[in-house]
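Heads up: the structure comes next, in structure tokens.
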Amino acid sequence: MQQVFKRPQSLKDVQTHFCPGCHHGTIHRLVADAMDLYGVQDRTIGVASVGCSVFLYGYFDIDVVEAPHGRAPAVATGVKRAKPESFVFTYQGDGDLAAIGTAEIIHAANRGEDITVVFVNNTTYGMTGGQMAPTTLVGQKTSTSPYGRDKSKDGSPIRMAELLAQLGGVAYSARVAVDSPKHVLEAKKVIREAFGYQVEGKGFSFVEVLSACPTNWGMNPLKANARVGEEMIPYFPLGVFKKEEA
Amino acid sequence: MGAVEAGCRYYFGYPITPQSDIPEYLSRELPGLNGEFIQAESEIGAINMLLGASATGARAMTSSSSPGISLKQEGISYMAGAELPGVIINISRSGPGLGGIDASQSDYFQCVKGGGHGGYHIPVLAPNSVQEMYDLTMHAFDLADLYRTPVMLLGDSVIGQMKEALVPNPRPVRELPAKGWEVRGKSGAEQRVVKSLFLGDGELEAHNWHLHAKYQVMKEKECISEEYETADARLIVAGFGSVSRIAHTAVTMARAEGMKVGLFRPVTLFPFPEKALAQAAGRAGKVLVVELNTGQMVEDVRLSVGAAAQVSFYGRPPGAGSLPSPEELLEVIRKNYEGTAR
Ligand SMILES: Cc1ncc(C[n+]2csc(CCOP(=O)(O)OP(=O)(O)O)c2C)c(N)n1
Ligand code: SF4
Ligand SMILES: [Mg+2]
């Protein structure tokens, strides 16, 4: 009998701490799949951020450096500059990357650091209990926007993939979702493509992944999964916004 | 120059006066040495690039001045927690806030007592000459590797912009432990993780005890101080960094007047040279601490000498033109010397 579906080699055989219906687990799998595809597990240095994905090293069988909240792109810059032969990626949430770490992501991207950034947008601060994030949708209720995000006071959700695509140093920028088999397959292809950019030394690559956080959205896994398509994708369109052919 | 001689090939920094000579020099030198120079987006960016480079086992550094050091505290705390080496040069200026760029020692507490969160210590070295700036930079890289810790060199605009003769000593030969903790891409071997998060039962307490033990070894082995005319002194003047140069002149002038006065200069501020100071102070019976602030190191002096000597303080808050002259210090020495005759 042929085994057609198995755990990627870059992923450890352990249970995750993610809540039921959380998309972090699926995204981990896709990242591991891309590492396996290029055979880079042995030269990969992952940079973990602060958020629900802080235990990156518990799930990926790779070397990992843990960065302070928001600083992963700067840490990854130091790693890659000192060890250019390594494959370096960061894995960051929306609070981490689009709020406290805005300066670090914009400048790492603009310098065109030869790294890949996986950006998990779940429109909230998952780990700290569901507060409003820079990506929280207008009207969305969170623990710190009990009346819904108010555009006039809180601003509009930031579309990071489009924003970064404007920068000269960015070679690849895209947004994907993992809420349906079709989207998962697309996401797999895009993450592979983004990793390929680094493997070929083409420069900075960025993938935003829309992600469900059932726990902090106050929804069951099915409802939360449905919300990605119903509410998030209309505001955060999927697609490849930049693809520099070097 | 000391950094380059010590094998440092990676520099990350953000412009701030009065330390810009350092990045300007390294931006010229490092590219030719197969190294990397990055002008970061902020001091926060710079310290985290240092964290990343250092996690790969490379010798790397950053430099800044007081307001920038405030921003680096987060990263320094993470590096202390994750036990990452790295050298931070602080050519401090006056504050609080934007303050001024004058020579000042108002950041003694910030540098020596931790600064960032979590109750860590890092070695702090306080050179008082160009030669020491050079030699201690090399020493700082060794200490960083030896103890797996960030190390700070603390100077001010007087030390940072001094022009003096320099003997480019070769890097000292010191046996350093093999690393083995650095991330490298696991290459079929065991996974390595550089982190400061410890959530397991008792894990963080054990980690903190481990750090504590390391600080005790530093206190035992790494204190450096310099003494001048202390053997028969009845009054010890104590000061570090730039003010120790002025105090040295004042002590020489006091000796010319027949006063038995000596100078004690801590070179390491952490670990503080408690024992050496206590001995010199115990012999003399009286210590006069001089600082370019309103009294910070004096607290460590009091703790070191205990009841063995009487401690007094002279200092002024920083500000343009507020460096004391040797004559001013001599006057203070005269006053403090009265009544010391036995
Ligand atoms: C300097 C600092 N500020 C705040 C925090 C608290 N904190 C931990 S995780 C987090 C937000 C995480 O949200 P996100 O990046 O969106 O990741 P998620 O958990 O949603 O995956 C915050 C604010 C911290 N650890 N450090
Ligand atoms: S809190 Fe949200 S993001 Fe965090 S593990 Fe649970 S579902 Fe996932
Ligand atoms: Mg989030």
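Tabulated data
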item	result
Subset of region A:100-126 (residues that are more than 18 Å from A:Asn216 (Cα to Cα) and within 16 Å of ligand 3 (Cβ to nearest atom))	A:Ile100, A:Gly101, A:Thr102, A:Ile105, A:Val117, A:Val118, A:Phe119
Residue match in region B:276-288 (condition: touching a Phe, Trp or Tyr at 6+ places or on another chain (Cβ under 7 Å) and over 18 Å from B:Ser225 (Cα atoms))	no
Residues that are among the basic types (Lys, Arg) and part of a loop (DSSP other than H, G, I, E, B), drawn from region B:280-322	B:Arg316
Filter result for A:Val138 (within 15 Å of ligand 1 (Cβ to nearest atom) and aliphatic (A, V, I, L, M))	no
Single residue of B:Ala189, B:Ala254, B:Ala278 found to be out of contact with any His (no Cβ under 7 Å at 6 or more places or on another chain) and either exposed (fewer than 15 other Cβ atoms within 10 Å of the Cβ) or at pLDDT below 95 (or both)	B:Ala189
Helices (runs of 4 or more DSSP H) wholly inside region B:1-73 containing at least 1 residues that are under 21 Å from A:Val47 (Cβ atoms) and in contact with a strand residue (DSSP E or B) (Cβ under 8 Å, 6 or more places away or on another chain)	B:43-55
Residue match in region A:154-176 (condition: of a type in the set (Phe, Trp, Tyr), touching a residue at least 12 places away in the same chain (Cβ under 8 Å) and within 16 Å of ligand 2 (Cβ to nearest atom))	no
Residue list for region B:120-150, restricted to those being buried (at least 24 other Cβ atoms within 10 Å of the Cβ) and of a type in the set (Gly, Ala, Ser)	B:Ala126, B:Ala140, B:Ala144
Only listed residue being surrounded by fewer than 22 Cβ atoms within 10 Å (Cβ to Cβ) and facing chain B (nearest Cβ under 7 Å), chosen from A:Ala99, A:Ala103	A:Ala103
Residues satisfying the stated conditions in region B:27-51, i.e. buried (at least 24 other Cβ atoms within 10 Å of the Cβ) and in contact with a Phe, Trp or Tyr (Cβ under 6 Å, 6 or more places away or on another chain)	B:Ile38, B:Ala40, B:Glu43, B:Ala46, B:Met49, B:Leu50
Residue within region A:51-64 that is small (Gly, Ala, Ser) and either free of Cβ contacts under 8 Å to residues at least 40 places away in the same chain or in contact with a Cys (Cβ under 9 Å, 6 or more places away or on another chain) (or both) present	no
The one condition in (1) buried (at least 18 other Cβ atoms within 10 Å of the Cβ); (2) in contact (Cβ under 8 Å) with a residue 40 or more places away in the chain; (3) touching a helix residue (DSSP H, G or I) at 6+ places or on another chain (Cβ under 7 Å) that A:Arg227 fails to fulfil	(2)
Considering residues of region A:127-155 that are of a type in the set (A, V, I, L, M, F, W, C) and within 11 Å of ligand 3 (Cβ to nearest atom) only, the residue farthest from the other protein chains (Cβ to nearest Cβ)	A:Met132
Set B:Lys179, B:Lys221: member being farther than 25 Å from B:Ser64 by Cα and within 14 Å of another protein chain (Cβ to nearest Cβ)	B:Lys179
Of all residues in region A:29-45 being away from chain B (no Cβ under 12 Å) and free of Cβ contacts under 8 Å to residues at least 40 places away in the same chain, the one that is surrounded by the fewest Cβ atoms within 10 Å (Cβ to Cβ)	A:Asp36
Condition check for B:Glu299: assigned by TED's automatic domain parsing to the domain that holds B:Glu229, of a type outside the set (Gly, Ala, Ser) and surrounded by fewer than 22 Cβ atoms within 10 Å (Cβ to Cβ)	yes
Candidate set: region A:59-75, residues that are at the interface with another protein chain (Cβ under 7 Å from one of its Cβ atoms), buried (at least 24 other Cβ atoms within 10 Å of the Cβ) and not hydrophobic (A, V, I, L, M, F, W, C); chosen: the one nearest to A:Val47 (Cα to Cα)	A:Glu66
Residues (within 16 Å of ligand 1 (Cβ to nearest atom), within 19 Å of A:Glu162 (Cα to Cα) and either modelled with pLDDT under 95 or not in a strand (DSSP E or B) (or both)) located in region A:189-238	A:Ser211, A:Val228, A:Met232, A:Phe236
Scope region B:127-157; condition among the charged types (D, E, K, R) and not in a helix (DSSP H, G or I); matching residues	B:Arg148, B:Asp156
Index of the failed condition, A:Gln92 passing every other in (1) within 12 Å of chain B (Cβ to nearest Cβ); (2) closer than 25 Å to B:Leu84 by Cα; (3) touching a residue at least 12 places away in the same chain (Cβ under 8 Å)	(1)
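Yes or no, residue by residue, for (1) more than 9 Å from chain A (Cβ to nearest Cβ); (2) of a type outside the set (D, E, K, R); (3) at positive phi:
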position	(1), (2), (3)
B:Asn34	yes, yes, yes
B:Ile47	no, yes, no
B:Ala55	no, yes, no
B:Pro85	yes, yes, no
B:Ile88	yes, yes, no
B:Ser94	yes, yes, no
B:Ser104	yes, yes, no
B:Asp107	yes, no, no
B:Gly115	yes, yes, yes
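The values are calculated or read from the model by the stated rules, or taken from the named source; none is laboratory data. Keep in mind it's a predicted model, so treat the numbers as computed, not measured. Cβ sites come from the backbone with ideal geometry, for glycine too, and all protein chains shown count toward neighbours.
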